[in-house]
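The structure under discussion appears below in the form of structure tokens.
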Amino acid sequence: MIIAVIFFCSGWLFSATKLVNPFFALLDPEVAHRLAVSAAARGWVPREKRPDPSILELEVWGRKFSNPIGLAAGFDKNAEAVEGLLGLGYGFVEVGSVTPVPQVGNPKPRIFRLREERAIINHCGFNSEGIQAVAKRLGAQHGKRKLDESSSTSPTANDGGKPGGKAGPGILGVNLGKNKTSEDAANDYVQGVHTLSQYADYLVINVSSPNTPGLRQLQGRKQLKDLVKKVQAARDEMQWGDEGPPPLLVKIAPDLSKQDLEDIAAVALALQVDGLIISNTTISRPDSISQNPLSQEVGGLSGKPLFDLSTSVLKEMYNLTRGKIPLIGCGGVGSGEEAYKKIRSGATLVQLYTAFAYGGPALIPRIKAELAECLERDGYKSVHEAIGADCI
């Protein structure tokens, strides 16, 4: 009876959040974003009490995920709302991008909604409070969790092989960026590693935002190889316990030639990069949005129009890396069926952001339920079994 009440209350709270979506739609996009982050930081969002379907559980990099659906970087840039966001039922949350020195980013307005196309164009430019502010925040959260665990007589989130990581019940990724005026990109990422890696279940080198001048040039074969080697060395020279250092991933753009993709795959395999995130936003403008006047705004396009392009690049990279490197599929995911297509195209994990901005918390349990149905429909017993099913 008690379990039934919990299930009903949890489901009702998520459904009720749909009522506030029209209010957020009336606000300036950046104001709405700030309100959403503040609400999650203060716990003014529903908390998922229902267990995830067992078919969604998986282990990656020695870390147990309760489900493969994560929140992409860009929403919680400064790690203000990690606990609240994980509480929504995400399997993992990625904060950032975080730059070494605080910076305000590009001039406003810099976020534009293309509502009919379920898309967003942003030109934020790594607005960040900086690594020290984020480290202070994550350190306080980490200390509070450790205190709670030590004072509790019940098992912690990580006991008995249960899903979870340094953020408690979910996995925490930290996405690292470089400052706009920095002349030494590698040093910026190394600073991020030294300061934030102790709080991260995985780290991301973001070399693919279109809104920081020169950043995407770091995806070139020689530039990427030199950068990754320096960042790996910085991570590996630190003292680590039994769990070892956090995995290091690279986030790439969807606007790459076949030769670019081959070069990135070669570097990733040669240097044993732990994973790739595919992909960031696109500077292209698909025909489906060409009639919208806002499509001419400068910046990266995300949301539904990005799905086909990012999924094509995902599939190509899975084939190029021969399935040897875990890939995170990101770009245009707004349903369980789309998350499933990402997995069949080579993704081990899946991220979303724009669909969450439009759909709110109610979207998360729906996507997980739909994904579980897709797996069961096609006879799979786990996410792992479906990875790369559509690839050569």
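The values are calculated or read from the model by the stated rules, or taken from the named source; none is laboratory data. Bear in mind the structure is a predicted one, so any value in this text is a computation, not a measurement. Because the Cβ atoms are built from the backbone with ideal geometry, glycine has one as well, and the counts that use them run over all protein chains shown. Surface accessibility is based on the protein's heavy atoms, side chains included, excluding ligands, DNA and RNA. Shrake-Rupley method; radii C 1.70, N 1.55, O 1.52, S 1.80 Å.
The table that follows gives values for the structure above.
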{"read-out": "Other-chain or far-sequence residues with amide H under 5 Å of LEU114's (modelled H)", "value": "ALA119, ILE120, ILE121"}
{"read-out": "Neighbourhood net charge (11 Å Cβ-Cβ; Lys/Arg +1, Asp/Glu -1) for LEU314", "value": "+1"}
{"read-out": "Peptides 295-302, 109-116 ordered by average Cβ neighbours within 10 Å, highest first", "value": "295-302, 109-116"}
{"read-out": "The chain - percent of accessible surface contributed by carbon and sulfur, probe 1.4 Å", "value": "55 percent"}
{"read-out": "Correct option for Kirkwood radius over Cα pairs in Å [calculated from the coordinates] among [x] 27.4; [y] 21.0; [z] 22.5", "value": "[y]"}
{"read-out": "Highest-first arrangement of 95-103, 24-32, where packing means the average Cβ count within 10 Å", "value": "95-103, 24-32"}
{"read-out": "Hits among lysines - C-alpha to C-alpha of LYS324 under 24 Å, sequence gap 8 or more where chains match", "value": "LYS64, LYS222, LYS225, LYS229, LYS230, LYS251, LYS258, LYS315, LYS341, LYS342, LYS381"}
{"read-out": "Within-9-Å neighbourhood charge of THR354 [Cβ basis; K, R +1; D, E -1]", "value": "+2"}
{"read-out": "For the stretch 14-152, average projected area of the Cα convex hull in nm²", "value": "10.6 nm²"}
{"read-out": "Solvent-accessible area per residue, Å², over the stretch 131-284 with all protein chains present [probe radius 1.4 Å]", "value": "43 Å²"}
{"read-out": "16 Å reach of a label modelled at GLU337, 7 Å along Cα-to-Cβ, counting backbone N of the stretch 355-392", "value": "366-378"}
{"read-out": "Set of lysines near LYS18 by C-alpha distance (under 25 Å), chain-local residues within fewer than 8 positions excluded", "value": "LYS49, LYS77, LYS304, LYS368"}
{"read-out": "In order through the stretch 268-283: 3J(HN,Hα) via Karplus (6.51 cos²θ - 1.76 cosθ + 1.60), integer Hz, x for Gly, Pro", "value": "4, 6, 5, 9, 6, 4, 6, x, 10, 9, 10, 8, 7, 6, 10, 8"}
{"read-out": "For the stretch 250-378, the spread of Cα positions along each principal axis, largest first, Å", "value": "41, 40, 21"}
{"read-out": "In nm, spacing of pseudo-spin labels at GLU262 and ALA133 (7 Å Cα→C-beta vector)", "value": "4.4 nm"}
{"read-out": "Gain upon complete extension [GLU183, MET238; 0.36 nm per residue less C-alpha separation]", "value": "17.3 nm"}
